[in-house]
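Contents: one structure, followed by commentary.
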Amino acid sequence: MPTVDDILEHIGEFHFFQKQIFFFLSLFSASFAPIYVGIVFLGFTPDHHCRSPGVAELSRRCGWTRDQELNYTLPGLGAEGDAFTRQCRMFQVDWNQSALGCVDPLADLAANRSHLPLGPCEHGWVYDTPGSSIVTEFNLVCANSWMLDLFQSAVNVGFFVGSVGIGYIADRFGRKLCLLITILINATAGVLMAISPTYTWMLTFRLIQGLVSKAGWLVSYILITEFVGLSYRRTVGILYQVTFTIGLLLLTGVAYALPQWRWLQFTVSLPNFCFLLYYWCVPESPRWLIAQNKNAKAMKIIKHIAKKNGKPLPASFQNLRPDEEVGAKLNPSFLDLVRTPQIRKHTLILMYNWFTSSVLYQGLIMHMGLAGSNIYLDFFYSALVEFPAAFIIILSIDRIGRRYPWAGSNIVAGAACLASVFIPDDLHWLKITTACLGRMGITMAYEMVCLVNAELYPTFIRNLGVLVCSSMCDIGGILTPFLVYRLTDVWHELPLIVFGVVGLIAGVLVLLLPETKGKALPETIEEVENMQR
(Lines give C-alpha, C1' and ligand atoms only; values in the text may rest on other atoms or scores of the structure.)
Protein backbone atom coordinates (compact mmCIF):
# COMPACT_ATOMS: atom_id res chain seq x y z
CA MET A 1 0.00 0.00 0.00
CA PRO A 2 1.48 3.41 -0.96
CA THR A 3 2.31 5.80 1.87
CA VAL A 4 1.00 9.34 2.10
CA ASP A 5 4.49 10.60 1.23
CA ASP A 6 4.39 8.55 -2.00
CA ILE A 7 1.04 10.09 -2.93
CA LEU A 8 2.14 13.64 -2.07
CA GLU A 9 5.08 13.31 -4.46
CA HIS A 10 2.52 13.08 -7.28
CA ILE A 11 -0.20 15.49 -6.13
CA GLY A 12 2.07 18.13 -4.57
CA GLU A 13 4.18 18.21 -1.44
CA PHE A 14 3.75 21.94 -0.81
CA HIS A 15 1.46 23.45 -3.40
CA PHE A 16 -1.66 25.61 -3.20
CA PHE A 17 -3.54 23.42 -0.69
CA GLN A 18 -0.62 23.06 1.73
CA LYS A 19 0.26 26.76 1.47
CA GLN A 20 -3.33 27.65 2.27
CA ILE A 21 -3.39 25.35 5.30
CA PHE A 22 -0.01 26.66 6.42
CA PHE A 23 -1.30 30.24 6.27
CA PHE A 24 -4.37 29.40 8.34
CA LEU A 25 -2.45 27.46 10.99
CA SER A 26 0.33 30.07 11.12
CA LEU A 27 -2.24 32.66 12.19
CA PHE A 28 -3.20 30.28 14.97
CA SER A 29 0.48 29.85 15.94
CA ALA A 30 0.95 33.62 16.22
CA SER A 31 -2.12 33.87 18.47
CA PHE A 32 -0.46 31.56 21.02
CA ALA A 33 2.21 34.18 21.86
CA PRO A 34 -0.02 36.32 24.16
CA ILE A 35 -0.88 33.27 26.23
CA TYR A 36 2.70 32.00 26.55
CA VAL A 37 4.37 35.32 27.41
CA GLY A 38 1.47 37.73 27.90
CA ILE A 39 2.19 37.78 31.64
CA VAL A 40 5.04 40.18 30.83
CA PHE A 41 2.41 42.86 30.15
CA LEU A 42 -0.60 41.58 32.09
CA GLY A 43 1.43 41.11 35.27
CA PHE A 44 3.83 44.02 34.93
CA THR A 45 4.82 45.31 38.38
CA PRO A 46 5.55 49.06 38.22
CA ASP A 47 7.35 51.12 40.81
CA HIS A 48 5.02 51.60 43.75
CA HIS A 49 4.96 53.15 47.20
CA CYS A 50 2.64 53.39 50.16
CA ARG A 51 -0.28 55.77 49.83
CA SER A 52 -0.20 58.39 52.58
CA PRO A 53 -2.95 61.05 52.61
CA GLY A 54 -1.02 63.02 55.26
CA VAL A 55 2.12 63.28 53.15
CA ALA A 56 0.05 64.15 50.08
CA GLU A 57 -1.63 67.03 51.94
CA LEU A 58 1.71 68.30 53.30
CA SER A 59 3.19 68.06 49.80
CA ARG A 60 0.30 70.14 48.43
CA ARG A 61 0.77 72.86 51.06
CA CYS A 62 4.56 72.97 50.66
CA GLY A 63 4.60 72.71 46.87
CA TRP A 64 6.91 69.69 46.86
CA THR A 65 8.01 67.89 43.70
CA ARG A 66 7.18 64.23 43.27
CA ASP A 67 10.69 63.22 44.36
CA GLN A 68 10.39 65.31 47.52
CA GLU A 69 7.07 63.71 48.34
CA LEU A 70 8.47 60.21 47.81
CA ASN A 71 11.32 61.03 50.17
CA TYR A 72 8.80 61.04 53.02
CA THR A 73 6.34 58.49 51.69
CA LEU A 74 9.03 55.83 51.52
CA PRO A 75 11.00 55.01 54.67
CA GLY A 76 14.00 57.31 54.85
CA LEU A 77 16.60 54.55 54.50
CA GLY A 78 17.78 55.51 51.03
CA ALA A 79 19.87 52.94 49.18
CA GLU A 80 20.67 51.19 52.46
CA GLY A 81 17.12 49.95 52.89
CA ASP A 82 15.91 46.84 51.09
CA ALA A 83 13.33 47.24 48.32
CA PHE A 84 10.60 45.39 50.22
CA THR A 85 10.88 47.68 53.25
CA ARG A 86 10.99 50.85 51.17
CA GLN A 87 7.95 49.86 49.10
CA CYS A 88 5.80 48.00 51.59
CA ARG A 89 6.17 50.00 54.80
CA MET A 90 5.96 53.66 55.77
CA PHE A 91 6.75 56.02 58.61
CA GLN A 92 4.32 55.87 61.51
CA VAL A 93 4.15 59.67 61.85
CA ASP A 94 1.26 62.04 62.45
CA TRP A 95 1.68 64.16 59.34
CA ASN A 96 -1.00 66.59 60.53
CA GLN A 97 1.21 68.01 63.28
CA SER A 98 1.55 71.76 62.96
CA ALA A 99 5.20 71.50 64.05
CA LEU A 100 6.19 69.77 60.82
CA GLY A 101 7.93 72.20 58.49
CA CYS A 102 8.32 72.11 54.72
CA VAL A 103 12.13 71.99 54.51
CA ASP A 104 12.67 68.74 56.41
CA PRO A 105 9.55 67.83 58.42
CA LEU A 106 11.19 64.81 60.06
CA ALA A 107 14.31 66.65 61.25
CA ASP A 108 12.68 67.68 64.56
CA LEU A 109 11.36 64.17 65.22
CA ALA A 110 14.59 62.17 64.88
CA ALA A 111 18.17 62.94 63.96
CA ASN A 112 18.38 59.59 62.17
CA ARG A 113 15.31 58.57 60.18
CA SER A 114 16.12 54.89 60.64
CA HIS A 115 15.07 55.35 64.29
CA LEU A 116 11.53 56.33 63.34
CA PRO A 117 8.90 53.60 63.69
CA LEU A 118 7.77 51.85 60.50
CA GLY A 119 4.40 50.26 59.89
CA PRO A 120 2.35 48.63 57.16
CA CYS A 121 0.62 50.51 54.37
CA GLU A 122 -2.83 51.35 55.70
CA HIS A 123 -4.21 53.17 52.69
CA GLY A 124 -3.01 51.02 49.80
CA TRP A 125 -0.38 51.78 47.19
CA VAL A 126 0.37 54.34 44.52
CA TYR A 127 1.69 52.90 41.24
CA ASP A 128 4.00 54.78 38.91
CA THR A 129 2.47 53.72 35.59
CA PRO A 130 0.10 55.29 33.06
CA GLY A 131 -1.71 52.00 32.43
CA SER A 132 -2.88 49.10 34.52
CA SER A 133 -1.99 45.46 35.10
CA ILE A 134 -3.39 42.70 37.27
CA VAL A 135 -0.81 43.81 39.86
CA THR A 136 -2.14 47.36 40.10
CA GLU A 137 -5.80 46.34 40.00
CA PHE A 138 -5.64 43.54 42.57
CA ASN A 139 -2.67 44.98 44.56
CA LEU A 140 -0.48 41.91 44.08
CA VAL A 141 2.49 43.43 45.89
CA CYS A 142 4.19 43.09 49.26
CA ALA A 143 2.33 40.47 51.32
CA ASN A 144 0.26 39.52 48.25
CA SER A 145 3.15 39.24 45.79
CA TRP A 146 2.97 35.43 45.93
CA MET A 147 -0.38 35.68 44.15
CA LEU A 148 1.39 36.96 41.04
CA ASP A 149 3.77 33.97 41.20
CA LEU A 150 0.74 31.71 41.44
CA PHE A 151 -0.83 33.39 38.42
CA GLN A 152 2.36 32.80 36.42
CA SER A 153 2.57 29.16 37.51
CA ALA A 154 -1.09 28.40 36.80
CA VAL A 155 -0.70 28.56 33.03
CA ASN A 156 2.35 26.26 33.15
CA VAL A 157 0.47 23.79 35.31
CA GLY A 158 -2.31 23.91 32.73
CA PHE A 159 0.22 23.36 29.92
CA PHE A 160 1.51 20.25 31.69
CA VAL A 161 -1.85 18.64 32.43
CA GLY A 162 -3.40 19.60 29.08
CA SER A 163 -0.48 18.37 26.98
CA VAL A 164 -0.80 14.82 28.24
CA GLY A 165 -4.60 14.59 28.25
CA ILE A 166 -5.28 16.37 24.97
CA GLY A 167 -2.40 14.53 23.30
CA TYR A 168 -4.26 11.28 23.91
CA ILE A 169 -7.53 12.76 22.64
CA ALA A 170 -5.87 13.99 19.42
CA ASP A 171 -4.44 10.54 18.64
CA ARG A 172 -7.63 8.75 19.68
CA PHE A 173 -10.34 10.95 18.14
CA GLY A 174 -8.53 13.02 15.53
CA ARG A 175 -6.46 16.18 15.10
CA LYS A 176 -9.20 18.38 13.68
CA LEU A 177 -11.79 17.71 16.39
CA CYS A 178 -9.23 18.25 19.12
CA LEU A 179 -8.02 21.51 17.53
CA LEU A 180 -11.52 22.96 17.28
CA ILE A 181 -12.38 22.05 20.87
CA THR A 182 -9.21 23.69 22.23
CA ILE A 183 -9.86 26.82 20.13
CA LEU A 184 -13.39 27.22 21.51
CA ILE A 185 -12.38 26.69 25.15
CA ASN A 186 -9.31 28.93 24.85
CA ALA A 187 -11.19 31.82 23.26
CA THR A 188 -14.03 31.62 25.77
CA ALA A 189 -11.69 31.45 28.77
CA GLY A 190 -9.62 34.36 27.45
CA VAL A 191 -12.64 36.66 27.11
CA LEU A 192 -14.02 35.64 30.51
CA MET A 193 -10.63 36.37 32.07
CA ALA A 194 -10.78 39.90 30.65
CA ILE A 195 -14.04 40.57 32.51
CA SER A 196 -13.26 38.62 35.69
CA PRO A 197 -14.39 40.63 38.74
CA THR A 198 -12.04 38.93 41.23
CA TYR A 199 -8.55 37.47 41.34
CA THR A 200 -9.93 33.96 41.95
CA TRP A 201 -12.03 33.98 38.78
CA MET A 202 -9.14 35.43 36.80
CA LEU A 203 -6.81 32.68 38.05
CA THR A 204 -9.38 30.01 37.19
CA PHE A 205 -9.76 31.14 33.58
CA ARG A 206 -5.97 31.50 33.26
CA LEU A 207 -5.61 27.86 34.31
CA ILE A 208 -8.26 26.79 31.78
CA GLN A 209 -6.38 28.64 29.05
CA GLY A 210 -3.24 26.76 30.00
CA LEU A 211 -5.05 23.43 29.82
CA VAL A 212 -5.96 23.85 26.15
CA SER A 213 -3.79 26.53 24.51
CA LYS A 214 -0.38 24.88 24.27
CA ALA A 215 -1.89 21.50 23.43
CA GLY A 216 -3.89 23.16 20.62
CA TRP A 217 -0.72 24.84 19.30
CA LEU A 218 1.09 21.48 19.18
CA VAL A 219 -1.88 19.71 17.59
CA SER A 220 -1.82 22.39 14.90
CA TYR A 221 1.93 21.82 14.47
CA ILE A 222 1.43 18.07 14.04
CA LEU A 223 -1.39 18.72 11.57
CA ILE A 224 0.68 20.92 9.25
CA THR A 225 3.67 18.53 9.31
CA GLU A 226 1.37 15.65 8.31
CA PHE A 227 -0.09 17.57 5.34
CA VAL A 228 3.21 18.45 3.64
CA GLY A 229 5.64 16.19 1.83
CA LEU A 230 8.98 14.93 3.05
CA SER A 231 11.19 17.56 1.36
CA TYR A 232 9.20 20.48 2.83
CA ARG A 233 8.35 19.12 6.25
CA ARG A 234 11.40 20.47 8.06
CA THR A 235 11.17 23.99 6.61
CA VAL A 236 7.46 24.24 7.28
CA GLY A 237 8.00 23.09 10.88
CA ILE A 238 10.57 25.85 11.49
CA LEU A 239 8.53 28.55 9.77
CA TYR A 240 5.50 27.56 11.84
CA GLN A 241 7.55 28.40 14.94
CA VAL A 242 8.79 31.63 13.35
CA THR A 243 5.19 32.79 13.15
CA PHE A 244 5.09 32.45 16.94
CA THR A 245 7.99 34.92 17.08
CA ILE A 246 6.04 37.25 14.79
CA GLY A 247 3.22 36.96 17.30
CA LEU A 248 5.61 38.15 20.01
CA LEU A 249 6.44 41.27 17.99
CA LEU A 250 2.77 41.99 17.29
CA LEU A 251 1.96 41.53 20.96
CA THR A 252 4.49 44.24 21.82
CA GLY A 253 2.73 46.74 19.56
CA VAL A 254 -0.74 45.83 20.81
CA ALA A 255 0.39 46.05 24.45
CA TYR A 256 1.97 49.47 23.81
CA ALA A 257 -1.26 50.73 22.23
CA LEU A 258 -3.44 49.22 24.99
CA PRO A 259 -1.71 49.72 28.37
CA GLN A 260 -4.91 48.73 30.21
CA TRP A 261 -4.65 45.00 30.90
CA ARG A 262 -8.35 44.18 30.50
CA TRP A 263 -8.55 45.77 27.04
CA LEU A 264 -5.30 44.02 26.08
CA GLN A 265 -6.59 40.63 27.24
CA PHE A 266 -9.91 41.17 25.45
CA THR A 267 -8.19 42.26 22.22
CA VAL A 268 -5.86 39.25 22.01
CA SER A 269 -8.61 36.76 23.01
CA LEU A 270 -11.59 37.77 20.87
CA PRO A 271 -9.98 36.99 17.45
CA ASN A 272 -9.54 33.36 18.53
CA PHE A 273 -13.23 32.76 17.83
CA CYS A 274 -12.42 33.33 14.13
CA PHE A 275 -10.34 30.14 14.17
CA LEU A 276 -13.54 28.13 14.54
CA LEU A 277 -13.92 28.72 10.79
CA TYR A 278 -11.23 26.04 10.42
CA TYR A 279 -14.12 23.56 10.59
CA TRP A 280 -14.68 24.36 6.90
CA CYS A 281 -11.10 25.26 5.95
CA VAL A 282 -8.90 22.56 7.50
CA PRO A 283 -9.60 18.86 6.87
CA GLU A 284 -8.58 15.93 9.03
CA SER A 285 -5.06 14.50 8.61
CA PRO A 286 -5.12 11.67 6.03
CA ARG A 287 -2.17 10.07 7.81
CA TRP A 288 -4.20 9.78 11.00
CA LEU A 289 -7.21 8.44 9.10
CA ILE A 290 -5.09 5.74 7.48
CA ALA A 291 -3.56 4.84 10.85
CA GLN A 292 -7.16 4.39 12.10
CA ASN A 293 -8.07 2.24 9.06
CA LYS A 294 -10.45 4.94 7.78
CA ASN A 295 -9.08 4.68 4.28
CA ALA A 296 -12.23 5.84 2.47
CA LYS A 297 -12.22 9.15 4.32
CA ALA A 298 -8.47 9.47 3.80
CA MET A 299 -8.85 8.95 0.05
CA LYS A 300 -11.59 11.58 -0.10
CA ILE A 301 -9.25 14.14 1.49
CA ILE A 302 -6.36 13.10 -0.76
CA LYS A 303 -8.54 13.64 -3.85
CA HIS A 304 -9.50 17.06 -2.46
CA ILE A 305 -5.80 17.93 -2.06
CA ALA A 306 -5.07 16.79 -5.62
CA LYS A 307 -7.94 18.91 -6.96
CA LYS A 308 -6.81 21.99 -5.02
CA ASN A 309 -3.26 21.56 -6.26
CA GLY A 310 -4.38 21.00 -9.85
CA LYS A 311 -2.58 17.66 -9.97
CA PRO A 312 -4.04 14.40 -11.32
CA LEU A 313 -4.13 11.49 -8.91
CA PRO A 314 -2.42 8.46 -10.55
CA ALA A 315 -4.68 5.51 -11.22
CA SER A 316 -2.54 3.26 -9.02
CA PHE A 317 -3.37 5.50 -6.04
CA GLN A 318 -7.13 5.72 -6.66
CA ASN A 319 -7.96 3.13 -4.03
CA LEU A 320 -6.37 2.54 -0.66
CA ARG A 321 -6.89 -0.79 1.00
CA PRO A 322 -6.07 -1.74 4.57
CA ASP A 323 -2.83 -3.63 5.00
CA GLU A 324 -3.74 -7.23 5.77
CA GLU A 325 -1.00 -7.39 8.38
CA VAL A 326 -2.32 -4.42 10.28
CA GLY A 327 -5.55 -5.94 11.48
CA ALA A 328 -7.61 -3.84 13.89
CA LYS A 329 -6.97 -0.12 14.14
CA LEU A 330 -4.27 0.97 16.57
CA ASN A 331 -5.25 2.84 19.70
CA PRO A 332 -2.58 5.02 21.35
CA SER A 333 -1.33 4.07 24.80
CA PHE A 334 1.10 5.75 27.18
CA LEU A 335 2.89 2.39 27.45
CA ASP A 336 3.71 2.59 23.74
CA LEU A 337 6.10 5.45 24.58
CA VAL A 338 8.32 3.18 26.73
CA ARG A 339 7.46 -0.39 25.68
CA THR A 340 10.18 -0.89 23.04
CA PRO A 341 13.91 -0.08 23.47
CA GLN A 342 14.39 2.60 20.77
CA ILE A 343 11.13 4.46 21.46
CA ARG A 344 11.90 4.34 25.18
CA LYS A 345 15.32 5.90 24.54
CA HIS A 346 13.73 8.55 22.29
CA THR A 347 11.15 9.40 24.95
CA LEU A 348 13.66 9.84 27.78
CA ILE A 349 16.13 11.94 25.74
CA LEU A 350 13.38 14.10 24.26
CA MET A 351 11.82 14.72 27.66
CA TYR A 352 15.17 15.87 29.06
CA ASN A 353 15.78 18.15 26.06
CA TRP A 354 12.33 19.73 26.34
CA PHE A 355 13.04 20.41 30.03
CA THR A 356 16.47 21.85 29.26
CA SER A 357 15.20 24.09 26.47
CA SER A 358 12.52 25.59 28.70
CA VAL A 359 14.83 26.16 31.68
CA LEU A 360 17.58 27.82 29.62
CA TYR A 361 15.22 29.82 27.38
CA GLN A 362 13.30 31.37 30.25
CA GLY A 363 16.19 31.36 32.70
CA LEU A 364 18.54 33.36 30.49
CA ILE A 365 15.89 36.04 30.01
CA MET A 366 15.30 36.28 33.75
CA HIS A 367 18.98 36.30 34.67
CA MET A 368 20.42 38.56 32.01
CA GLY A 369 17.73 41.22 31.97
CA LEU A 370 17.80 43.92 29.32
CA ALA A 371 19.41 47.33 29.33
CA GLY A 372 17.03 50.23 29.79
CA SER A 373 13.70 50.53 31.54
CA ASN A 374 11.27 50.45 28.62
CA ILE A 375 9.44 47.14 28.90
CA TYR A 376 8.15 47.32 25.33
CA LEU A 377 11.56 47.89 23.74
CA ASP A 378 13.15 45.26 25.97
CA PHE A 379 10.58 42.67 24.94
CA PHE A 380 10.83 43.66 21.27
CA TYR A 381 14.63 43.30 21.19
CA SER A 382 14.53 39.93 22.93
CA ALA A 383 12.10 38.60 20.32
CA LEU A 384 14.30 39.74 17.43
CA VAL A 385 17.07 37.38 18.57
CA GLU A 386 14.92 34.40 17.55
CA PHE A 387 14.90 35.19 13.82
CA PRO A 388 18.61 34.47 13.18
CA ALA A 389 18.20 31.18 15.05
CA ALA A 390 15.44 30.05 12.68
CA PHE A 391 17.45 31.19 9.66
CA ILE A 392 20.48 29.13 10.73
CA ILE A 393 18.31 26.05 11.25
CA ILE A 394 16.76 26.29 7.78
CA LEU A 395 20.21 26.61 6.20
CA SER A 396 21.79 23.77 8.17
CA ILE A 397 19.24 20.94 8.48
CA ASP A 398 19.09 20.35 4.72
CA ARG A 399 22.87 20.19 4.38
CA ILE A 400 24.07 18.77 7.69
CA GLY A 401 21.03 17.05 9.19
CA ARG A 402 19.22 17.33 12.49
CA ARG A 403 21.51 15.80 15.09
CA TYR A 404 24.65 17.92 14.80
CA PRO A 405 22.99 21.38 14.59
CA TRP A 406 20.71 20.38 17.47
CA ALA A 407 23.55 19.06 19.62
CA GLY A 408 25.72 22.03 18.70
CA SER A 409 23.07 24.57 19.66
CA ASN A 410 22.70 23.00 23.12
CA ILE A 411 26.46 22.94 23.59
CA VAL A 412 26.82 26.57 22.46
CA ALA A 413 24.09 27.64 24.88
CA GLY A 414 25.69 25.71 27.76
CA ALA A 415 29.19 26.97 26.95
CA ALA A 416 27.92 30.57 26.72
CA CYS A 417 26.40 30.28 30.19
CA LEU A 418 29.64 28.97 31.67
CA ALA A 419 31.73 31.58 29.84
CA SER A 420 29.55 34.40 31.22
CA VAL A 421 30.54 33.42 34.75
CA PHE A 422 34.19 34.30 34.10
CA ILE A 423 33.70 37.54 32.14
CA PRO A 424 34.44 40.63 34.30
CA ASP A 425 31.56 43.01 34.94
CA ASP A 426 33.45 45.92 33.38
CA LEU A 427 33.35 44.13 30.00
CA HIS A 428 29.61 44.73 29.75
CA TRP A 429 29.51 44.49 25.94
CA LEU A 430 31.15 41.06 26.04
CA LYS A 431 28.71 39.83 28.67
CA ILE A 432 25.74 40.99 26.58
CA THR A 433 27.19 39.41 23.42
CA THR A 434 27.77 36.10 25.18
CA ALA A 435 24.29 36.17 26.67
CA CYS A 436 22.77 36.81 23.23
CA LEU A 437 24.81 33.93 21.79
CA GLY A 438 23.43 31.67 24.52
CA ARG A 439 19.88 32.91 23.85
CA MET A 440 20.29 32.21 20.13
CA GLY A 441 21.68 28.74 20.82
CA ILE A 442 18.85 27.70 23.12
CA THR A 443 16.26 29.17 20.74
CA MET A 444 17.68 26.90 18.02
CA ALA A 445 17.54 23.95 20.40
CA TYR A 446 13.93 24.77 21.32
CA GLU A 447 12.87 24.83 17.67
CA MET A 448 14.85 21.70 16.81
CA VAL A 449 13.35 19.57 19.59
CA CYS A 450 9.86 20.49 18.38
CA LEU A 451 10.79 19.52 14.81
CA VAL A 452 12.58 16.24 15.55
CA ASN A 453 10.12 15.09 18.21
CA ALA A 454 7.43 14.59 15.55
CA GLU A 455 9.84 12.62 13.36
CA LEU A 456 10.77 10.03 15.98
CA TYR A 457 7.34 8.52 16.64
CA PRO A 458 4.97 6.45 14.46
CA THR A 459 1.77 8.07 13.28
CA PHE A 460 -0.66 6.45 15.72
CA ILE A 461 1.23 7.80 18.78
CA ARG A 462 2.93 10.82 17.19
CA ASN A 463 0.68 13.44 18.77
CA LEU A 464 0.76 11.68 22.14
CA GLY A 465 4.56 11.40 21.98
CA VAL A 466 5.05 15.09 21.18
CA LEU A 467 2.68 16.31 23.87
CA VAL A 468 3.93 13.97 26.61
CA CYS A 469 7.58 14.83 25.94
CA SER A 470 6.87 18.55 25.61
CA SER A 471 5.06 18.49 28.95
CA MET A 472 8.53 18.49 30.52
CA CYS A 473 9.06 22.03 29.26
CA ASP A 474 6.09 23.02 31.43
CA ILE A 475 7.78 21.46 34.45
CA GLY A 476 10.82 23.52 33.52
CA GLY A 477 8.66 26.65 33.27
CA ILE A 478 7.32 26.07 36.78
CA LEU A 479 10.78 25.48 38.29
CA THR A 480 12.81 28.12 36.44
CA PRO A 481 11.86 31.17 38.59
CA PHE A 482 12.87 29.27 41.72
CA LEU A 483 16.16 28.15 40.12
CA VAL A 484 17.00 31.69 39.09
CA TYR A 485 15.96 33.69 42.14
CA ARG A 486 16.83 31.19 44.88
CA LEU A 487 20.26 30.31 43.45
CA THR A 488 21.02 33.99 42.83
CA ASP A 489 20.60 34.60 46.58
CA VAL A 490 23.43 32.11 47.16
CA TRP A 491 25.71 33.42 44.38
CA HIS A 492 24.73 35.68 41.50
CA GLU A 493 26.42 33.49 38.86
CA LEU A 494 25.31 30.12 40.25
CA PRO A 495 22.24 29.82 37.95
CA LEU A 496 24.53 30.22 34.92
CA ILE A 497 26.66 27.31 36.07
CA VAL A 498 23.58 25.13 36.46
CA PHE A 499 22.30 26.21 33.04
CA GLY A 500 25.69 25.51 31.48
CA VAL A 501 25.95 21.97 32.86
CA VAL A 502 22.35 21.14 31.94
CA GLY A 503 22.84 22.46 28.38
CA LEU A 504 26.08 20.52 27.79
CA ILE A 505 24.47 17.26 28.95
CA ALA A 506 21.53 17.86 26.60
CA GLY A 507 23.91 18.34 23.66
CA VAL A 508 25.67 15.03 24.34
CA LEU A 509 22.40 13.11 24.71
CA VAL A 510 21.14 14.37 21.33
CA LEU A 511 24.02 12.51 19.65
CA LEU A 512 22.46 9.23 20.82
CA LEU A 513 19.34 9.81 18.68
CA PRO A 514 19.06 8.60 15.06
CA GLU A 515 19.39 11.03 12.16
CA THR A 516 16.01 11.74 10.52
CA LYS A 517 17.26 13.75 7.54
CA GLY A 518 15.68 12.53 4.32
CA LYS A 519 13.53 9.90 6.05
CA ALA A 520 9.77 9.55 5.72
CA LEU A 521 7.64 9.89 8.81
CA PRO A 522 7.52 6.43 10.44
CA GLU A 523 4.13 4.73 10.32
CA THR A 524 4.74 1.74 12.63
CA ILE A 525 6.70 0.88 15.77
CA GLU A 526 8.87 -1.47 13.72
CA GLU A 527 9.99 1.38 11.47
CA VAL A 528 11.03 3.43 14.51
CA GLU A 529 12.92 0.49 16.02
CA ASN A 530 14.86 0.12 12.74
CA MET A 531 15.72 3.83 12.42
CA GLN A 532 19.00 3.50 14.34
CA ARG A 533 20.17 0.87 11.88
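The values are calculated or read from the model by the stated rules, or taken from the named source; none is laboratory data. Fair warning: this is a prediction, and the values are worked out from it, not measured in the lab. Ideal geometry is used to build each Cβ from the backbone, glycine not excepted, and the neighbour counts take in all protein chains shown. Accessible surface areas use protein heavy atoms only, side chains included; no ligands, DNA or RNA. Shrake-Rupley method; radii C 1.70, N 1.55, O 1.52, S 1.80 Å.
Values computed for the structure shown
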read-out: Alpha-carbon centroid distance for the pair region 254-303 / region 457-533, whole angstrom; value: 27 Å
read-out: Using a Förster distance of 35 Å, the FRET efficiency for residue 103-residue 426 (Cβ separation, nearest 0.05); value: 0.30
read-out: Accessible surface of residue 138 - all protein chains present, 1.4 Å probe, nearest 10 Å²; value: 40 Å²
read-out: MRE, 222 nm, helices only [DSSP H, n ≥ 4, -39500 (n - 2.57), over the chain, to nearest 500]; value: -21500 deg cm²/dmol
read-out: Nearest-10 value in Å² for the accessible area of residue 281, using the 1.4 Å probe; value: 50 Å²
read-out: Accessible heavy-atom area order of 47, 149, highest first, probe of 1.4 Å; value: 47, 149
read-out: Accessible-area order (highest first, 1.4 angstrom probe) of the listed residues 450, 62; value: 62, 450
read-out: Gyration tensor verdict on region 237-280 (Cα atoms; rounded if a/c is under 1.5, prolate if a/b is larger than b/c, oblate otherwise); value: oblate
read-out: Nearby lysines by direct alpha-carbon distance to residue 345 (threshold 24 angstrom, same-chain neighbours under 8 apart not counted); value: 517, 519
read-out: Förster radius 56 Å - calculated FRET efficiency between residue 377 and residue 94 (Cβ-Cβ, nearest 0.05); value: 0.80
read-out: Where 279, 352, 446 fall by accessible area, highest first, once all protein chains stay in place (1.4 Å); value: 279, 352, 446
read-out: Projected-area average for region 145-276 over all orientations - Cα convex hull basis, square nanometres; value: 8.8 nm²
read-out: Karplus-derived 3J(HN,Hα), 6.51/-1.76/1.60, for each residue of region 156-161, Hz, glycine and proline x; value: 5, 4, x, 3, 5, 5
read-out: Solvent-accessible heavy-atom area per residue, rounded to whole Å², over the chain at 1.4 Å; value: 44 Å²
read-out: Percent accessible area from carbon and sulfur atoms, the chain, protein chains only, probe 1.4 Å; value: 65 percent
read-out: Correct choice for semi-axes √(5λ) of the Cα gyration tensor in Å that was computed from the model, options [x] 42, 26, 21; [y] 52, 25, 19; [z] 58, 38, 19; value: [y]
